[in-house]
Structures are given as C-alpha cells and as structure tokens.
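**Q** Have a look at this one.
No lab work stands behind these numbers, since they all come straight from the coordinates. Keep in mind the model is a prediction, meaning the values are calculated, not measured. Positions of Cβ are generated from backbone atoms using ideal geometry, with glycine treated the same way; all protein chains shown enter the neighbour counts.
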C-alpha cells in the first residue's frame, strides 16, 4: 500500500466504524466483516475476495496505534479528503499539494508561500526536486520511514500473519494410543475436525498450520495449537512408543520362576517367562505390543512386583515360620549401611 493509498482510502468507512471508535469496536467490526467476506465462505467470488482484502488492509492500519496515529494525521493534513489538490484545480483556500508542504517547511530560498510563486517538488529525483525523490519518500521522512519504497509501517512490506488460536482436547487413553479424530469448536462458533496422531502424550501440543485467525492484511492465517489431555488408564501407561504396566507375582513364582499370562491393550494375552529369583522392579519386555506409530511400533514393558499376602492361613503361617528358621539368616539390608557412609 502506498502513501497515496492512505489519502484515498477511508479505512473507517471500510470497517463501518466512526473515527473515534476504540480498539474493541474496531476489532469487533473487523471480525464480523471478515466472517462475512472470507473467501472460504464465498468460494470463487472475486468481489468477496477483494472486499476481504480491503477489510484486512483497513484493520491492519487501525488496529495498530502507531499506524492509526500516522494515518489520522496524514488525512487531517489533507483536510480529510481523498487526495491533495494540486495547482489551480485544487480546493479553494487549501492551495493544493505544493502549498501544503510549502507551508509546512517554509519553502526553499526564493520560493514564496501562499500568494507567491508555487513551491514545486519533483517525484523523479531530478535536480531541484525533493532529495531521495518522490511523494512516498517525503512521507517516509515525515513518519520515520526506513529507505526507499515507502514509510515504515506501510503495508508495502510482507502482510502480517494472522493470530494463533489455542484450545485443548481430552482423549481416552485408548484413543491417544491408537489415534483419533476429534471435533473442536473455535471462537464460539466455528467447528473444525482435527486428526490426533497415534501415540500422543498427555500435555503434548499439536500445531496445525494455517488453521488459526485470518490475517488482517491478507497474509497467511495463523496456526491452531491443540493441547491434548490424555485420561489415565487403570492398567496401562505410555512412555514414548512403549506401553508400560505393573504385574504382581507370588512369592513362589518369584523364587522358583514361572510363565505368566499378561493382558495387552488389544485385548489378547502374551505369555512371559519370569526367571527364578526375580526381584520386585525387574522388567520384562513383550516385543511389538506397544504403540503403533509412523516411526515404528513400540514394546510392552512389564514391571514385576512381588505380591506380599496380607492374610495367611494357619498352614501358610507355619510354613513361613519354618522357612524363616531354615534360612541362612542373611540380612538383605546389610549393604545399605556401608553404602550410606560412602
């Protein structure tokens, strides 16, 4: 957008707000118009696409306090009209483009103000013209523009990206493992279907490019960021691509060893061998029984926990007493004292 565009376009009229509208009113008006004229709502409609672009341009300037101040100041100098009048055809009393800037800068030596010779500025950088050449360079100098091509903050630069939208989704554990499609409601009205990949972790954020807020200046849309909350499972947990679970074994199974049946998330069972003398905390692995992802399938990791009976029958109690008497009396905690002193 050029400096002349700022003079020609009434951004307040484009958004349908008064010149003293506050930021909230401007944003509300933009969002309402953007929904109405968005290209997704008007496929193949060139008029709607142009209207959406104009709305974005207007909002891009009026939503930025500094650009809005510059815009208001520039149009105030022009008397609120669409153009600076130039030469004899200008508005009576206004004197036109040259008189306006001649009055601001007092003119060069030998150049009179109103009632005398016209102050003339070249737009081509010719000798005697404005240094750096041109109308937009002049505006750039007035408002802090950087380099050729127009004032800083003018939309000649790349359009700004739209804002991101953040939301959350809760998934049952099985859906998180297998992947799921969920329906999300955004901005209180817009519904979007989102595919959650297999193996998503609790608290993981998924970014969907281009699914956020539309750009106010015709640039790319923002992103949609979904935080996933995974509901816990009574048996299984997830660690990367692996599923984990804790399986109790009896004291005799731990001492003598055993082959035990372990359930899987798919509903069938796998049989795992518990070696003789297995301690609590020992981990066994069932290959390929974890999370099936694009990067491969994980395993099922089984942590053994030796179950201690809470209630013993008389025969079991007598047998345990006999076992304790027959044991060699080795203290399993003896090494702790020495290690604690290290």
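**Q** Could you tell me what percent of the DSSP beta bridges with both partners in region 165-230 are antiparallel, to the nearest 5? Write down the numbers at each step before the final one.
**A** Working: 11 of 18 bridges.
Of all bridge pairs located within region 165-230, approximately 60 percent are antiparallel.
**Q** Hey, another quick one. Taking 0.36 nm per residue of separation and subtracting the Cα-Cα distance, what length does fully extending residue 315 through residue 166 add? All intermediate terms of the calculation are to be shown ahead of the outcome.
**A** Details: separation 149, 0.36 × 149 = 53.64 nm, distance 6.31 nm.
Taking 0.36 nm per residue and subtracting the Cα distance, the gain is 47.3 nm.
**Q** Percent relative contact order of region 165-230, based on C-alpha pairs within less than 8 angstrom and at least six residues apart? Walk me through the numbers on the way to the answer.
**A** Working: 129 pairs, mean separation 26.4, N = 66.
Averaging sequence separation for qualifying contacts and normalising by length gives 40 percent for region 165-230.
**Q** A further question follows. With a Cα-only, solvent-free Debye model of region 165-230, what are the log10 I(q)/I(0) values at q = 0.16, 0.18, 0.28 Å⁻¹?
**A** Reported log10 I(q)/I(0), two decimals: -0.53, -0.64, -1.24.
**Q** Run a plain Debye calculation on region 246-312 (Cα atoms as equal point scatterers, no solvent) and give log10 I(q)/I(0) at q = 0.15, 0.24 Å⁻¹, rounded to two decimals, same order as the q list.
**A** -0.51, -1.01
**Q** So, one more: Order 6-13, 254-261 from most to least packed using the mean count of other Cβ atoms within 10 Å. Working shown, then result.
**A** On the way: 6-13: 17.9, 254-261: 14.4.
Highest to lowest by the protection proxy: 6-13, 254-261.
**Q** State the Cα centre-to-centre distance between region 240-274 and region 25-63 in whole Å.
**A** For region 240-274 versus region 25-63, the Cα centre distance is 60 Å.
**Q** If packing is taken as the average number of other Cβ atoms within 10 Å across a peptide's residues, how do 25-37, 315-327 rank, most packed first?
**A** Values: 25-37: 17.0, 315-327: 10.1.
Averaged packing, sorted descending, gives the order 25-37, 315-327.
**Q** Further question: How far, in nm, would the chain grow between residue 231 and residue 293 when pulled straight, counting 0.36 nm per residue and subtracting the alpha carbon separation?
**A** Numbers: separation 62, 0.36 × 62 = 22.32 nm, distance 1.94 nm.
Computed gain between residue 231 and residue 293 is 20.4 nm.
**Q** Report the gain in length on full extension from residue 323 to residue 308: 0.36 nm times residue separation, minus Cα-Cα distance, nm rounded to one decimal. Walk me through the numbers before you get to the answer.
**A** Numbers: separation 15, 0.36 × 15 = 5.40 nm, distance 1.52 nm.
So the chain would gain 3.9 nm between residue 323 and residue 308.
**Q** Between residue 20 and residue 187, what is the FRET efficiency for a Förster distance of 30 Å, r being their Cβ-Cβ separation, to the nearest 0.05?
**A** On the way: r = 27 Å, r/R0 = 0.90.
Given R0 = 30 Å and the Cβ-Cβ separation, E is 0.65.
**Q** Once you compute Rg and the Kirkwood Rh from C-alpha atoms, what is the Rg to Rh ratio for region 184-342?
**A** On the way: Rg = 25.2 Å, Rh = 20.7 Å.
With Rh from the inverse mean 1/r over Cα pairs, Rg/Rh is 1.22.
**Q** Then there is this: What are the semi-axes of the equivalent ellipsoid for region 155-203, taken as the square roots of 5 times the Cα gyration tensor eigenvalues, largest first, in whole Å?
**A** Values: eigenvalues 179, 37, 16 Å².
Over the Cα atoms of region 155-203, the ellipsoid semi-axes are 30, 14, 9 Å.
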